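Asker: Please see the structure below; I have some questions.
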Amino acid sequence: MHEIHLSGTDKAEKYEQLLPQLRGLIAADSDLFIATLANVCAVLKEHFAWFWVGFYWVDVAKNELILAPFQGPIACTRIAKGRGVCGQAWAQNQIMVVPDVNAHPDHIACSSLSQSEIVLPVYNKRGEIVGVLDIDHTELATFDEIDARYLRELCDALTDNLNVPEMA
Ligand code: SME
């Protein structure tokens with residue numbers, strides 16, 4: 001059983017402390033896909049106090065994202081490829097940092113409280129996108145290049161250490 005400890009207050013410092021512990025968490029149960037994603041959400045939600053932290057996973061047959069482990073309020077269960085910030089991160093294969101979701105033309109509002117968002121693609125070992133990590137917060141401009149850099153490292157740790165189930 002892993003306990004996550006954190007003493008830093010600066011954002012980058014927090015990530016520096018969290019990442020090795022998250023890597024340990026991921027590697028410890030590399031065969032337990034859902035459990036590990038759930039614990040990753042729990043760690044991020046607890047230590048950063050963001051509004052919503054979760055994964056959407058690719059359903060290849062339906063060409064849509066399906067809600068996966070998350071922490072926070074109820075969220076939409078399906079997102080078509082190219083739709084919303086999540087669907088765009090998938091379709092365009094890029095990290096999306098949205099400082100003000102109200103100004104984003106195709107943001108899908110699961111909660112009106114959400115004001116800013118970051119979405120990162122998650123890859124399998126062949127470099128294909130198998131899901132996205134989506135984080136929302138109730139304040140504007142919560143996420144920047146520091147979050148993008150460290151959360152990219154986290155998603156890459158999932159690629160390297162987690163046995164991701166193949167979806168049709
Ligand atoms: N805002 C996302 C939808 C998912 S919720 O934020 C949890 C989007 O626009 O894709």
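Asker: Tell me which lysines have Cα within less than 26 Å of residue 11's Cα, excluding those fewer than 8 residues away on the same chain?
Answerer: Within the straight-line limit of under 26 Å, residue 11 reaches these lysines: 45.
Asker: Students often forget the sequence filter, so: which aspartates and glutamates lie under 20 Å Cα-Cα from residue 81 once same-chain residues fewer than 8 apart are removed?
Answerer: 59, 64, 106, 117, 128, 134, 136, 166
Asker: Provide 66, 95 in ascending order of the number of other Cβ atoms located within 10 Å of each residue's Cβ, fewest first. Intermediate values should be presented prior to the final figure.
Answerer: Details: 66 15, 95 20.
Ordered by Cβ neighbours within 10 Å, fewest first: 66, 95.
Asker: Hey, what number do you get for the chain at 222 nm if only DSSP H runs of n ≥ 4 count, each worth -39500 (n - 2.57), divided across all residues, to the nearest 500?
Answerer: Values: 4 runs with 60 residues, N = 168.
Calculated at 222 nm, the ellipticity per residue is -11500 deg cm²/dmol.
Asker: Kindly rank 105-111, 87-93 from highest to lowest mean number of other beta carbons found within 10 Å of each residue. Don't skip to the answer; put the middle values down first.
Answerer: Values: 105-111: 13.9, 87-93: 19.1.
For the peptides 105-111, 87-93, the packing ranking is 87-93, 105-111.
Asker: With a/c under 1.5 counting as rounded, go ahead and sort the range 109-168 into rounded, prolate or oblate using the C-alpha gyration tensor (a ≥ b ≥ c being the square roots of the eigenvalues; past the cut-off, prolate if a/b is larger than b/c, else oblate). Present the calculation step by step, with values, prior to reporting the outcome.
Answerer: Values: a/c = 3.49, a/b = 1.79, b/c = 1.96.
It is oblate, given that a/c is not under 1.5 and a/b is not larger than b/c.
Asker: In the range 59-152, which GluC sites (Glu not before Pro) fall in coil by DSSP and have 16 or fewer other Cβ atoms within 10 Å?
Answerer: Details: sites: 64, 117, 128, 139, 145; in loops: 128, 139.
When the GluC sites (Glu not before Pro) of the range 59-152 are filtered for loop state and at most 16 Cβ neighbours within 10 Å, 128, 139 remain.
Asker: Calculate how large, on average over all directions, the projected area of the Cα convex hull of the chain is; give the answer in nm² to one decimal. Each step should come with its number before you reach the end.
Answerer: Numbers: hull surface 35.5 nm².
The Cα convex hull of the chain, projected and averaged over all directions, gives 8.9 nm².
Asker: In percent, how large is the relative contact order of the range 11-161, given Cα pairs closer than 8 Å and 6 or more residues apart? Display every interim value, and only then the final one.
Answerer: Details: 281 pairs, mean separation 34.4, N = 151.
Reported relative contact order: 23 percent.
Asker: Right, another one. Taking a ≥ b ≥ c as the square roots of the eigenvalues of the Cα gyration tensor of the range 12-51, is the shape rounded (a/c under 1.5), prolate (a/b larger than b/c) or oblate?
Answerer: Working: a/c = 4.06, a/b = 1.40, b/c = 2.89.
Oblate is the answer for the range 12-51, as a/c is 1.5 or above yet b/c matches or exceeds a/b.
Asker: State the extension gain, in nm to one decimal, for the chain segment bounded by residue 102 and residue 46, taking 0.36 nm per residue of separation less the distance between their alpha-carbons. Don't skip to the end; give the middle numbers.
Answerer: Working: separation 56, 0.36 × 56 = 20.16 nm, distance 2.57 nm.
Using 0.36 nm per residue and subtracting the Cα-Cα distance, I get 17.6 nm.
Asker: Can you run phi through the Karplus equation (6.51, -1.76, 1.60; θ = phi - 60°) for the range 129-142 and list ³J(HN,Hα) in whole Hz, with x for Gly and Pro?
Answerer: Ordered by residue, 3J(HN,Hα) equals 6, 10, x, 9, 9, 10, 10, 10, 9, 7, 10, 5, 6, 6 Hz.
Asker: In nm, what is the difference between 0.36 nm times the number of residues separating residue 160 and residue 113 and their Cα-Cα distance? Show your work: numbers first, answer last.
Answerer: Numbers: separation 47, 0.36 × 47 = 16.92 nm, distance 3.41 nm.
In short, 13.5 nm is gained.
Asker: Taking H placed 1.01 Å from N in the peptide plane, check which residues at least 5 places from residue 81 or on another chain put their amide H under 5 Å from its amide H.
Answerer: For residue 81, whose amide H was placed from the backbone, the distant partners under 5 Å are 65.
Asker: Counting only the backbone N, which residues of the range 94-127 are under 11 Å from the spot 7 Å out from the Cα of residue 148 toward its beta-carbon?
Answerer: In the range 94-127, the label zone of residue 148 (backbone N under 11 Å from the point 7 Å along Cα→Cβ) covers 94-99, 119.
Any read-out appearing in this document is the output of simple, stated calculations on the displayed coordinates, not a laboratory observation. Nothing here was measured: the structure is a model prediction, and the numbers come from that model. So basically every Cβ, Gly included, is an ideal-geometry build from the backbone, and we count neighbours across all protein chains shown.
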